[in-house]
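Asker: Mind having a look at this structure? Questions to follow.
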Amino acid sequence: MAEGENLYWQEVDEAEPQYRSKSIVDMAFRIHCSHLPVDHAYSLLTCLESFLPWFSTAANTGVHAIHGAESGNGWQRPEGHGGGVIHPSRRVRLILRIPRDRISQCAGLSGQTLIVADAEVSLGSIKVRELGPASTLFARRIVTKEDEIEQRFLDRIDEELTELNVSVPKRLPGRLSKINTPRGELFARSLMLADIPAADSIRIQETGLGKARTLGCGLFVPHKSISAVNRFTEE
């Protein structure tokens with residue numbers, strides 16, 4: 001890596017304290033990687049656990065799935081859910097959602113190289129991103145079942161939202177995808193939530209919905225457009 005690459009800093013939060021999470025942040029790592037398997041979630045988690053043994057058991061901890069544009073410049077995603085390779089642009093980031101008190105431990109990842117499947121992923125400089133309110137949130141993956149109909153999926157989501165005591169007037173499910181693990185295939189569906197009050201928005205981002213946060217599921221990001229969701233992984 002170039003001299004001075006392994007830097008760490010925390011972005012200045014200009015919002016009032018009550019409008020950001022007090023307990024959870026996102027840590028975004030610059031990555032250097034020539035290629036990465038499309039289905040890399042489990043391998044990535046295994047690598048992270050070798051450096052951070054507590055990662056899979058800590059509450060409200062997760063890994064944002066590494067995604068980019070479906071087509072065009074930057075990342076290229078092959079059709080289908082199986083094999084294939086994506087090629088990262090320099091703007092794409094590896095983003096961990098972690099408790100605020102784990103920042104210093106995760107900062108030690110800067111300068112490390114992860115072997116994800118057959119790919120080398122070198123981690124560079126870091127930014128800490130505060131979780132702030134957004135009236136619309138988007139999750140690329142929420143755990144479901146292959147044969148679960150959309151209405152049953154939404155019913156389960158409503159049950160979880162009720163348990164969190166949050167108000168979400170609008171819910172829109174999206175397409176089905178899958179993740180391969182040693183225990184078998186894990187199916188997931190994208191989900192958009194809209195018209196969310198500020199405090200509830202932060203609560204949903206802090207806790208997520210469903211299972212498998214460390215495999216990139218159940219994690220929400222602010223949403224304005226599809227391009228805005230893509231930029232979240234690239235800035």
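Asker: Set the Förster radius R0 to 41 Å, insert the Cβ-Cβ distance between Ala117 and Ser23 as r into 1/(1 + (r/R0)^6), and round the FRET efficiency to 0.05. Intermediate values should be presented prior to the final figure.
Answerer: Values: r = 33 Å, r/R0 = 0.80.
Working from the Cβ atoms, E equals 0.80.
Asker: By per-residue mean of other Cβ atoms within 10 Å, what is the highest-first order of 129-142, 146-159, 184-197?
Answerer: 129-142, 184-197, 146-159
Asker: If you stretched the chain out fully between Asp195 and Thr46, how much longer would it get, using 0.36 nm times the residue separation minus the C-alpha to C-alpha distance? Spell out each step's value before the answer.
Answerer: On the way: separation 149, 0.36 × 149 = 53.64 nm, distance 3.64 nm.
Extending this stretch completely gives an extra 50.0 nm.
Asker: Okay, moving on. Amide H to amide H, which residues 5 or more places from Gly84 or on other chains are under 5 Å from it, using H placed in the peptide plane?
Answerer: Val38
Asker: When N is the residue count of segment 137-232, what does its C-alpha Rg come to as a fraction of 2.2 N^0.38 Å?
Answerer: Here the answer is 1.03, to two decimals.
Asker: OK, next. Starting from the Kirkwood Rh over alpha-carbon pairs, what translational D in µm² s⁻¹ does segment 114-169 have by Stokes-Einstein at 25 °C and 0.890 mPa s?
Answerer: 159 µm²/s
Asker: What FRET efficiency, computed as 1/(1 + (r/R0)^6) with R0 = 25 Å and r the Cβ-Cβ distance, is obtained for Arg100 and Glu159, rounded to the nearest 0.05? Don't skip to the answer; put the middle values down first.
Answerer: On the way: r = 28 Å, r/R0 = 1.13.
The formula returns an efficiency of 0.30 here.
Asker: Can you list the lysines whose alpha carbon sits under 29 Å from that of Lys178, skipping same-chain ones fewer than 8 residues off?
Answerer: Correct list for Lys178: Lys145, Lys170, Lys211, Lys224.
Asker: In addition: Check which residues have an amide H placed less than 5 Å from Val116's amide H, if you skip close sequence neighbours.
Answerer: Long-range HN contacts for Val116: Val121.
Asker: Per residue of segment 145-162, what does 6.51 cos²θ - 1.76 cosθ + 1.60 with θ = phi - 60° give for ³J(HN,Hα)? Whole Hz please, x for Gly and Pro, Karplus curve as stated.
Answerer: 10, 4, 9, 6, 6, 4, 5, 5, 4, 5, 4, 5, 4, 4, 5, 5, 5, 5
Just so you know, all these numbers are worked out from the coordinates, no wet-lab data involved. Remember, predicted model here, so these are calculated numbers, not experimental data. Note that we place each Cβ from the backbone using ideal geometry, even for glycine, and neighbour counts take in every protein chain shown.
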